[in-house]
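Since every read-out is calculated from the coordinates, none of them should be taken as a lab result. Note that the coordinates shown come from a computational prediction; the quantities given were computed from them, not determined experimentally. We place every Cβ from the backbone using ideal geometry, glycine too, and count neighbours over all the protein chains shown.
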Amino acid sequence: MTPALNPALDAGTLAEAYARDRRIHIPAILTETSAARVHQCLAQETDYALLCQAGADQAQAWRVATLDPQKERELMTAAYGRARDRFEYFYDAHSLSKEGEPYPNPAHYLAEINRFLNGEALLDFIRTVTGRPEINATSIQATRYRQGHFLNQHDDGNDPRRIAAYVLNMTPHWRWDWGGALLFSDRPGHISEGFLPAFNALNMFAVPQVHQVGLISPFAGVHRHSITGWFLR
């Protein structure tokens, strides 16, 4: 089943909200049946790698399926230490597309997700909501945040091709005290707004904009699944 936009969405009304706030939360973004299929793929069919940093701006990836638990604990402890003073992250991901290119395995359902997010129906909808007709591609990664995972504050402004960042949430039955909220800070020292993980909801915001993903609580009952990336010019 190919992912499909919810036909009840009102792009014009959503565009007004986005123009006013520079960010938006869109519930029920996909049809119910296609959203369920996307969640199944993220939760059961995706081979994730743990992403973190070895040094300043030096990304490293460790395949979760073969990662030794002791090594993972060491990487987490080191990430926590670095995060006190600088930008840091620690979460699972699987890249689908950097700048709109096809997914390498056309038989995998991730290829269907990639085709949808880089297809004209979705891109036209996003152009309307953002008011940015120059959008022509989507960068995409599947993400999974487990207990103790996080992405601390940054603004995504290091690539001039990025027009809007997005999080396509695919996490059923999330509790707010499990953490993992997408948080914004328009004023230093204050949280201006936050979007909780929610099933079948698209969070989108103009770049640059200071934000973070809050730490996943040690007692979180499920993983935080989503598809994330940027809409590119």
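For a label point 7 angstrom out from the Cα of T33 toward its Cβ, which stretches of segment 103-137 have the backbone nitrogen within less than 15 Å?
The answer is none.
Specify, per residue and in Å³, the volume enclosed by the convex hull of the alpha carbon atoms belonging to segment 1-108.
Value for segment 1-108: 172 Å³ per residue.
Net charge near T66: determine it from the other residues with C-beta under 14 Å of the C-beta of T66, scoring Lys and Arg +1 and Asp and Glu -1.
Charge balance near T66 sits at -2.
Classify segment 86-145 from the C-alpha gyration tensor, please: rounded if a/c falls under 1.5, else prolate or oblate depending on whether a/b exceeds b/c.
Oblate.
Students often get this wrong, so try it: which of (1) 35, 18, 15; (2) 27, 21, 17; (3) 37, 19, 15 is semi-axes √(5λ) of the Cα gyration tensor in Å as calculated from the structure shown?
(2)
With a 10 Å Cβ neighbour count serving as the proxy for reagent exposure, in which order, fewest first, do W174, W62 appear?
Arranged by neighbour count, lowest to highest, W174, W62 become W62, W174.
Within the set of other residues whose C-beta is less than 14 Å from the C-beta of H149, count the net charge using Lys and Arg as +1 and Asp and Glu as -1.
Value of the local net charge: +1.
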